[in-house]
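The values are calculated or read from the model by the stated rules, or taken from the named source; none is laboratory data. As the structure is a prediction and not an experimental result, all values here were calculated from the model. Cβ atoms come from the backbone with ideal geometry, glycine included; neighbour counts cover every protein chain shown.
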Amino acid sequence: MQKRQNAFILMTIPALALFFIFHTFPVLQGIFYSFTDWKGYGDWNFVGFKNYLNVFQDGRALSAYGFTFQFSIVSTILVNIFSLVVAMGLNAKIKFQKTLRAVYFMPNILGILIVGYIFNFIFAHFIPDIAESLGINALSKNILGDPDLAWVGIVIMAVWQAVAFNTILYLAGLVTISDDLYEAASIDGAGPWKKFWAITFPLIAPFFTINMVLAMKNFLMVFDHIIALTGGGPGQSTESISLLIYRGGFEGGEFAYQSANAVIYFIVIVIISVFQIRVLQKREVEM
Amino acid sequence: MNRQTNWLITTLLILGSILILLPLYLTITIALKTPNELSKSLLALPEEWRFQNFLEAIEITNFFNALTNSMIITIFVVIFTLLTNSMVAYAIARNMHKRFYKFLFYYFVSAMFVPFPIMMLPIVKQTSSWGMDNIAGLILLYIVYGLAFNVFIYVGYIKSIPKSLEEAAIIDGASTWQVFWKVIFPLLAPMNATVGILTTLWAWNDFMLPLIILSDRDQATLPLVQYLFQSQFSTDYNLAFASYLMALAPMIIVYIFAQKWIISGVTKGAIK
């Protein structure tokens, strides 16, 4: 018995040690340095909460938070609408079901950065080119070059890529709903709209919760999309929090300051995730 | 009722799939065109297939070097993730009634909520001062970071495996290690497939970790190479798209042959 216990300890201790050294320790270091004025090199002093107070007064940081939230909320909603629609389509009695499912899932396997570069070209040349030949002036310039519209381009690309994963999740939920339920509803005279709200949506509510939480969490961390599409520009109009921490920390000598920003960011993500799970699960029960 | 094919939805889905396929179509055709053809029409098929773009891209970006790097990283990460993460999860799953293992479970799983940027700056300092700013260091980080999610899904799965099989093996004199490798690990095959697929997609497509960890350009992965060559690519789209296509191709080819397994693997991972 003791031998068995020793084996279990041997199985877990190396993993625990490595995880602590390469995950927890850096996190603790980040938190530690957030209370100092370290630039990433040289001497440092404790400065208390100064970095934190400065983040709240830093226009660049606030605009990064603003952009990241705007992008995440809009993308999360759009991804969930599109993927639910596509999943319901794929779940219907259709031809070429396997092939269509494979096509709609494909963006999930492609690297975001490279997809981003392809979309960069589409926004910069393809759409303006098509718009010009059709005489649509509004679309004839690169939207990524417009500080007010660049975020829309990032949303489009992010949604294109993320719908794949969420569709598959919704599909997994939809296939569990028995046809009998819909037939019974039809006999009672329910239309498609009624059926969706009375049967489909309540039964896939747990999938809706996972999808909303996962999508939101991923979008709040947005980085690759922005590197490939705008690099944070024009100006700093599409600089996300991750990108700001990366830039400021590595290029701007703001190691301590961006660590404080990262701690705030961490707290924000935890609060949003917990809040979402609470609210959405409450709705599940009520329905 | 309603047993015939719904052609309306079929048609709408086919039209929708054009939106998915268009970026790929553009990538393939632009990679095969000359700059002249490209300036004439973006959408048209190439007049003749020009493979010169690929040869140039291979030479300029040192494609085979990056491909080798990406493959080495992905293969090592997947193999060691499967072997180690499942073992850790086994020890935890069979001892969840003990405080230490319960703590371990929540310790690993709670890391899923920690956003990477909070450790981004310290981990770079740490890996570079320990001489780990290379492919080997990157491989270790992927295996360790994978624990958070993998322990979560492995433990759920192992709990559903009845203990009677292990008990029989123990009575026959098998040690805990033998029980794991000979009895449990083979039973984990469906979960191993899921973890293997998700880990492959992650290690192959990831950009941020190679970007911050690797210090030597010769060790760059395929996505990182596309980033490093942007200044050259922005003046020569045909070259750029040849390079993008070659970077995407290995995964697309795998997907064409294994899409059924990949989709079901990803689904299982997502719904636990």
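The table below gives the values:
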item: Criterion violated by residue B:186 - all others in (1) farther than 19 Å from residue B:251 by Cα; (2) modelled with pLDDT of 90 or more; (3) surrounded by 14 or more Cβ atoms within 10 Å (Cβ to Cβ) satisfied; result: (3)
item: Checking residue A:107 against (1) within 7 Å of chain B (Cβ to nearest Cβ); (2) closer than 30 Å to residue A:178 by Cα; (3) of a type outside the set (A, V, I, L, M, F, W, C); (4) more than 22 Å from the chain's Cα centre (by Cα), the condition it does not meet; result: (4)
item: Checklist (1) in contact (Cβ under 8 Å) with a residue 40 or more places away in the chain; (2) of a type outside the set (A, V, I, L, M); (3) more than 27 Å from residue B:37 (Cα to Cα) applied to residue B:267, failing item; result: (1)
item: Number of the condition not met by residue B:185 [criteria: (1) under 21 Å from the mean Cα position of the chain (by Cα); (2) closer than 27 Å to residue B:259 by Cβ; (3) within 13 Å of chain A (Cβ to nearest Cβ)]; result: (1)
item: Within segment A:153-174, considering residues that are of a type in the set (Phe, Trp, Tyr) and facing chain B (nearest Cβ under 10 Å), the one surrounded by the most Cβ atoms within 10 Å (Cβ to Cβ); result: A:165
item: Filtered residue count, segment A:227-267, keeping only those that are in contact with a helix residue (DSSP H, G or I) (Cβ under 7 Å, 6 or more places away or on another chain), farther than 21 Å from residue A:112 by Cα and β-branched (Val, Ile, Thr); result: 2
item: In segment A:114-143, the residues that are under 29 Å from the mean Cα position of the chain (by Cα), farther than 11 Å from residue A:161 by Cβ and facing another protein chain (nearest Cβ under 7 Å); result: A:117, A:121, A:122, A:125, A:126
item: Any helices (runs of 4 or more DSSP H) falling wholly within segment A:1-64 and containing at least 3 residues that are within 8 Å of another protein chain (Cβ to nearest Cβ) and either on the phi > 0 side of the Ramachandran plot or surrounded by fewer than 20 Cβ atoms within 10 Å (Cβ to Cβ) (or both); result: A:2-19, A:25-33
item: Filtered residue count, segment A:175-184, keeping only those that are part of a helix (DSSP H, G or I) and more than 12 Å from every other protein chain (Cβ to nearest Cβ); result: 1
item: Residue ID - surrounded by the most Cβ atoms within 10 Å (Cβ to Cβ), chosen from residues in segment B:35-52 that are within 13 Å of another protein chain (Cβ to nearest Cβ) and of a type outside the set (A, V, I, L, M); result: B:35
item: Filter pass, residue B:188 being touching a residue at least 60 places away in the same chain (Cβ under 8 Å) and closer than 27 Å to residue A:100 by Cβ; result: no
item: Count of segment A:111-169 residues which are in a loop (DSSP other than H, G, I, E, B) and in contact with a helix residue (DSSP H, G or I) (Cβ under 7 Å, 6 or more places away or on another chain); result: 5
item: Count of residues meeting criterion [assigned to a loop (DSSP other than H, G, I, E, B), within 18 Å of residue B:210 (Cβ to Cβ) and touching a residue at least 12 places away in the same chain (Cβ under 8 Å)] in segment B:89-144; result: 4
item: Subset of segment A:74-89 [more than 7 Å from every other protein chain (Cβ to nearest Cβ) and either farther than 12 Å from residue A:165 by Cα or surrounded by fewer than 17 Cβ atoms within 10 Å (Cβ to Cβ) (or both)]; result: A:74, A:75, A:76, A:77, A:78, A:81, A:85, A:88
item: Single condition residue A:197 does not satisfy, out of (1) closer than 28 Å to residue A:156 by Cα; (2) away from every other protein chain (no Cβ under 12 Å); (3) buried (at least 17 other Cβ atoms within 10 Å of the Cβ); result: (3)
item: Flag for residue B:245 being crowded, with 20+ Cβ neighbours inside 10 Å, more than 13 Å from the chain's Cα centre (by Cα), at the interface with chain A (Cβ under 10 Å from one of its Cβ atoms) and assigned to a helix (DSSP H, G or I); result: yes
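Yes/no per residue for (1) in contact (Cβ under 8 Å) with a residue 60 or more places away in the chain; (2) in contact with a Gly (Cβ under 9 Å, 6 or more places away or on another chain); (3) more than 11 Å from chain A (Cβ to nearest Cβ):
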| position | (1), (2), (3) |
| --- | --- |
| B:8 | no, no, no |
| B:16 | no, yes, no |
| B:20 | no, no, no |
| B:27 | yes, no, no |
| B:33 | yes, no, yes |
| B:54 | yes, no, yes |
| B:74 | yes, no, yes |
| B:87 | yes, no, no |
